[in-house]
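Here's the structure, in structure tokens; my notes come after.
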Amino acid sequence: MSSLAVTDGTAVADWTVWTTQARLVVTDPSVLDIATALVRHRLDEIDHAASRFRPDSEVSVIAGSEQAVHRISPLLRELVGVALDAAQQTHGVVDPTLGTVLTHLGYGAGGVGSGRETQGQLRAERRTTWRDVHLDEDDLRLPPGTLLDLGATAKAAAADRCAEEVTDRYGCGALVSLGGDLRTCGAEPQGGWNVLVQDGDDEPASVILLSGAHAVATSSTLRRRWRHHGQQMHHLLDPMTLLPARPVWRTVTVAAESCLRANTLSTQAIVLGARAVAVLEEAGVAARLVASDGAVTLVGGWPE
């Protein structure tokens, strides 16, 4: 989780959305109310298009259909597109077709621990992969019954979109934080954007300075946890095993030029486990990894 040490000359709005904490900071206090209304509206649009937790969302309606081809909104097309890009970039490690698997393992529409459980069986049967999902203009083709899980990439894309739109519309610096996904854009406040990275009061902490249009994203095995058939679950699945990724890392935080790229790499790192450091070094990003025993590994110039 990332939080902001607020500096003089900024205005801040905080609220709860998608079971996480949202924050908007602007360098022009006079636009805070209208900018907050804009961000709330954009997040509601994304929720209606991409949430697997509401029955009236586009992805839920598609999952309940027997059709293979669906005409979708431009917004959902964009969100599916970035999710498929993330899958391709990570060679399928970040896969948007795991919604049914997560529900089977106990992370359903009612939140963690609410999915349907099967008797004596932990492994879920995989119905589709990202390679079975195709976009053709505004048509989405995928196997009937597929429940997309766009949560990670959609939240990161939302942070990017909202920060950019606030700056474009109102000409001020903006920071948008959605849980562990944080994006800055436009003019910096005096002293810059100082971001505290810490996933809980008892976890290791680090402060980084973000400048201009930059982002930081944290993926964590410490949050969205539940028990299923007596075993501890978390929401970051390994597409190869269809089970939660082995908790080699408690958290991985990545700084990049966009929240979408940072989140894609941090999620990939959690799933890759011991191979994560080499992949992050090759990507050329700054990153901070906290191991299951609390040891911290820094990559690419992350500050000590």
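The values are calculated or read from the model by the stated rules, or taken from the named source; none is laboratory data. Quick caveat, the model's predicted, so the values are computed rather than measured. Note: ideal-geometry Cβ built from the backbone for every residue, glycine included; neighbour counts use all protein chains shown.
Brief remarks on what is shown
- Segment 124-144, subset of a type in the set (Asp, Glu) and under 15 Å from Ile62 (Cα atoms), residue modelled with the lowest pLDDT: Asp138
- Output for segment 75-123, where each listed residue is surrounded by 14 or more Cβ atoms within 10 Å (Cβ to Cβ), in a loop (DSSP other than H, G, I, E, B) and modelled with pLDDT of 55 or more: Thr90, Gly92, Val93, Val94, Asp95, Pro96, Thr97, Leu98, Leu105, Gly106
- Qualifying residue in segment 295-302 (condition: modelled with pLDDT under 95, surrounded by fewer than 24 Cβ atoms within 10 Å (Cβ to Cβ), touching a Lys or Arg at 6+ places or on another chain (Cβ under 8 Å) and under 14 Å from Ser219 (Cα atoms)): no
- From the list Leu150, Leu209, the one residue that fits, being out of contact with any Cys (no Cβ under 9 Å at 6 or more places or on another chain), hydrophobic (A, V, I, L, M, F, W, C) and more than 25 Å from Leu105 (Cα to Cα), is Leu209.
- Segment 253-285: number of residues that are in a helix (DSSP H, G or I) and over 18 Å from Asp181 (Cβ atoms): 10
- Which listed residue, of Gln232, Gln198, is modelled with pLDDT under 75, in contact with a Pro (Cβ under 9 Å, 6 or more places away or on another chain) and surrounded by fewer than 18 Cβ atoms within 10 Å (Cβ to Cβ): Gln232
- Criterion (more than 28 Å from Ser206 (Cβ to Cβ) and either touching a helix residue (DSSP H, G or I) at 6+ places or on another chain (Cβ under 7 Å) or without any contact (Cβ under 8 Å) to a residue 24 or more places away in the chain (or both)) met by exactly one of Ala11, Ala50: Ala50
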